[in-house]
Amino acid sequence: MFTLDNYIAEMKKLFALALPLMLVQLFNSGKGIVDTMMVGNIDKINLAGLSLASGTYIVIVLFSAGFGSATIAVLSRLYATKDYDDIRFYGQQSLYLNFILSVITMLFLLNGEIFFSGLTNLEPATKQIATDYLRVLGWVYPISSTMFVFRPIMQAFIKNKQLLVISGIMFFLNIPLNYILIYGMGAIPEMGAIGSAYSTVICFLLEIAALAWYVSRHKEMNIFHDFVKPDWYEIRKLFFLGLPIGLAIAMEVGLFTFVTFLLAKFGEETVGAHHLSTNFLAFIFMFSLGLSFALMQRVSFFLGLDEIEKVKLTVISSAALSVLVSSFTICLIFLFRNEIAGLYTSNIHIIVIATKILIISLFYQIFDGLQITAVGVLRAYKMNRQSFNYAFVSYWGVGFISGYLLSQKFGVYGYWYGFCLCFVTATILCYIKVYKVVWLGHTK
């Protein structure tokens, strides 16, 4: 039986493990915030174009990231038993799988106009900006997507602080690059939203180079030597292990993006307000996402050692830590909601809409944090299909349908009321499953 001191000690260990990953996620998400802030001060056409493009790109990219998340659970268990040969083997198979998926994704990005052609309520210039943005990112996607191979390897080896350093450098480099390419400087012309796409590409390529260099310098992590040919059976297993995660992530982010498309009938200002609110809330969500990744690391490690009692201790401690983190973000948003919206744009109409959205979001913060924490536990147990099913029911069965119905009366705010119901549902479903898996031993 664990005492309060045991839980507090575990919370401290978990927070120490999670903090670098929280900051990594904040830096990664922060690049999008910098993009939106700088582009938002040009005009509403560029902001709306960026909103459509980045929302679409995030859905596609996070789908691919799901396969990387599945790899963390596999490699963390192998790291617990110091099975470095299998780590190298599965790292290489993950690299093969990533290449196949990235080529398919690249084709979608290069033909991005198919996503926006039906949005007749938006200016042609808005849709052209969105299309060009995706095309710039599409050309380098087979290279930039390898971060979903290198990051999981480093996370499995608990190299969280090293990931933080690399991500931090890329974040701060992105700021001057954005400024130069968006607004122009000297011989470089003003490129608006498209300039942020080029800045993103440069940072992606430099980050991949840094990750590959670090992995190659450490024998246990180095997947670049003793290459084996593709093992299609294992690649298939990795694919079906990661597919539910990718689909679950895509459904959650896709819900927000799809709503962006539906809001097009209200015009660029509503689209911009929805996007900047989503953008900032996604940034805040990175605290909880970092905790989820750390929890997946720790639970997977304990499962590799077959220490179930420590898993129980970690699960309870993580839930308490999640509530504390979410309480902090609630206070932050409530106190600085007007300033947050004002950082993105000077358009008073966009600020008014965005501020109201931020207030509504306060009601789901704790539930959103708890549900992604529970998902981290389920992913450590490789119960990805179940988390996908819960995501589908919660996001689209409850969130979208209720949001759409409420939008008939409350407009854009109706969708955000639906999001509140969505995360409450997801939390309940996920923790019922966590209890059955961890405490009752039902692993089917």
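The values are calculated or read from the model by the stated rules, or taken from the named source; none is laboratory data. The shown structure was predicted, so the numbers you read here are calculated from the model rather than taken from an experiment. Glycine also receives a Cβ, built like all others from the backbone with ideal geometry; neighbour counts cover every protein chain displayed.
Couple of notes before you dig in:
- Contact map, the stretch 397-420: residues that are touching a residue at least 60 places away in the same chain (Cβ under 8 Å) paired with residues that are not in a helix (DSSP H, G or I), Cβ distance under 7 Å, separation 6+ or inter-chain. Pairs shown: PHE419/TYR364; CYS420/PHE363; CYS420/TYR364.
- Residue selected from the stretch 402-444 under the condition β-branched (Val, Ile, Thr) and surrounded by 14 or more Cβ atoms within 10 Å (Cβ to Cβ), by the criterion farthest from MET296 (Cα to Cα): VAL412
- Condition met for GLY290 (surrounded by fewer than 22 Cβ atoms within 10 Å (Cβ to Cβ), more than 23 Å from ASP5 (Cα to Cα) and not aliphatic (A, V, I, L, M)): no
- Which numbered condition LEU21 fails, given (1) at pLDDT below 85; (2) in a helix (DSSP H, G or I): (1)
- Qualifying residue in the stretch 415-432 (condition: assigned to a helix (DSSP H, G or I), under 19 Å from the mean Cα position of the chain (by Cα) and not hydrophobic (A, V, I, L, M, F, W, C)): yes
- The set of residues in the stretch 1-18 that are assigned to a helix (DSSP H, G or I) and among the aliphatic types (A, V, I, L, M) comprises LEU4, ILE8, ALA9, MET11, LEU14, ALA16, LEU17, ALA18.
- Condition broken by ALA282, with the remaining ones in (1) surrounded by fewer than 21 Cβ atoms within 10 Å (Cβ to Cβ); (2) more than 16 Å from the chain's Cα centre (by Cα); (3) modelled with pLDDT under 90; (4) not basic (Lys, Arg) satisfied: (2)
- Of everything in the stretch 130-154 that is buried (at least 21 other Cβ atoms within 10 Å of the Cβ) and of a type in the set (Phe, Trp, Tyr), the residue that is nearest to LEU107 (Cα to Cα) is TYR141.
- Set ASN121, ASN98, ASN160: member being surrounded by fewer than 20 Cβ atoms within 10 Å (Cβ to Cβ) and in contact (Cβ under 8 Å) with a residue 24 or more places away in the chain: ASN121
- Hey, VAL34 assigned to a helix (DSSP H, G or I), among the β-branched types (Val, Ile, Thr) and either touching a strand residue (DSSP E or B) at 6+ places or on another chain (Cβ under 8 Å) or surrounded by 23 or more Cβ atoms within 10 Å (Cβ to Cβ) (or both) or not: no
- Filter result for ALA125 (of a type in the set (Gly, Ala, Ser), in contact with a Gly (Cβ under 6 Å, 6 or more places away or on another chain) and either modelled with pLDDT of 90 or more or more than 13 Å from ALA210 (Cα to Cα) (or both)): no
- Which numbered condition PHE266 fails, given (1) surrounded by fewer than 20 Cβ atoms within 10 Å (Cβ to Cβ); (2) within 22 Å of PHE63 (Cβ to Cβ); (3) aromatic (Phe, Trp, Tyr): (2)
- Residue count, the stretch 227-261 (criterion: of a type in the set (Asp, Glu) and within 15 Å of THR278 (Cα to Cα)): 1
- Residue match in the stretch 144-152 (condition: of a type outside the set (Lys, Arg), in contact (Cβ under 8 Å) with a residue 12 or more places away in the chain and farther than 25 Å from GLY112 by Cβ): yes
- When ILE158 is tested against (1) touching an Asp or Glu at 6+ places or on another chain (Cβ under 9 Å); (2) on the phi > 0 side of the Ramachandran plot, exactly one condition is not met: (1).
- Given (1) without any contact (Cβ under 8 Å) to a residue 60 or more places away in the chain; (2) crowded, with 17+ Cβ neighbours inside 10 Å, number of the condition MET185 does not satisfy: (2)
- When the residues of the stretch 211-230 are filtered to those that are surrounded by 14 or more Cβ atoms within 10 Å (Cβ to Cβ) and either in contact with a helix residue (DSSP H, G or I) (Cβ under 7 Å, 6 or more places away or on another chain) or among the hydrophobic types (A, V, I, L, M, F, W, C) (or both), the one that is nearest to LEU163 (Cα to Cα) is LEU211.
- Among the criteria (1) in contact (Cβ under 8 Å) with a residue 24 or more places away in the chain; (2) under 30 Å from ILE42 (Cβ atoms); (3) of a type outside the set (A, V, I, L, M, F, W, C), the one PRO176 does not fulfil is (1).
Residues are listed down the side, and each one gets a yes or a no for (1) under 30 Å from ALA70 (Cβ atoms); (2) assigned to a helix (DSSP H, G or I):
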| position | (1), (2) |
| --- | --- |
| LEU324 | yes, yes |
| PHE328 | yes, yes |
| PHE334 | no, yes |
| LEU343 | no, yes |
| ILE357 | no, yes |
| ILE360 | no, yes |
| ILE366 | yes, yes |
| LYS382 | yes, no |
